[in-house]
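J.: Please find one structure pasted underneath; my questions will follow.
What follows draws every value from the coordinates through simple rules; no lab data is involved. Only a predicted model underlies this, so the values are computations on that prediction, with no experimental measurement involved. Don't worry about glycine lacking a Cβ; one is built from the backbone with ideal geometry, like all the others, and counts go over all protein chains shown.
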Amino acid sequence: MNYMFQPGFLGTQAPFFMDVVMLVVALLPLLIGVGILLARRGAYGAHRAYQWLVFVVSVVVVGWFEYGVRVGGGFHDFVQHSTLPTYLLLGVLICHIAVSLLTIILWAYTLIHAEYAHSIHTLPGRSRLPHRRQG
């Protein structure tokens, strides 16, 4: 796993794994947009498979990020190399974790609920509007 900590490809001092994570996070809105476009075009099977694929890849990338941060020294190492006050960094970390967890939980709920609605044949159909709101 030493390759994770080799210099990245985005031209910063960040390691390789951070550049990969940053790239995936930056592309995520576009990837989600492609999934929505599939649904709008009526390709519901492709939309379903694609959304699961993007979700699984995102969870794997987040796990890889967490592993890299832990092996790389974690939050305490980051704080030692920062000029910002610890309380500010801790506040940002707590907000970031809260938003990240909420996003993963709501995304998983939406996928699971959609699978249920699909299994009882209400999606696509009468569950369409609630599904769009959840998404």
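J.: Enter the Cα centre distance for the pair region 64-116 and region 22-37, rounded to the nearest angstrom.
T.: Between the Cα centre of region 64-116 and that of region 22-37, the gap is 19 Å.
J.: Between the helical axis of 44-71 and the dominant principal axis of the chain, each derived from Cα atoms, what acute angle in degrees is found, rounded to the nearest 10?
T.: 20 degrees
J.: Using only Cα atoms, find the angle between the long axis of helix 16-40 and the longest principal axis of the chain, and express it within 0 to 90 degrees, rounded to the nearest 10.
T.: It is inclined by approximately 10 degrees.
J.: Using alpha carbons only, how many degrees (0 to 90, rounded to 10) separate the axis of helix 86-119 from the longest principal axis of the chain?
T.: Once rounded, the angle reads 20 degrees.
J.: Beyond 17 Å, how much of the Cα-Cα pair distribution for the chain remains, as a whole percent?
T.: Values: 6088 of 9045 pairs.
Every Cα pair in the chain considered, those over 17 Å come to 67 percent.
J.: Dipole of the chain, Cα-centred, from +1 at each Lys and Arg C-beta and -1 at each Asp and Glu C-beta, to the nearest 20 debye? Kindly include the intermediate steps, with their values, before the conclusion.
T.: Numbers: 8 positive and 4 negative charges, 161 e Å.
The dipole of the chain has a size of about 780 debye.
J.: Here is a further query. Putting +1 on Lys and Arg Cβ atoms and -1 on Asp and Glu Cβ atoms, find which of Gly33, Ser119, Met4 reaches farthest to the positive end of the dipole of the chain.
T.: Going by the Cα projections, it comes out as Ser119.
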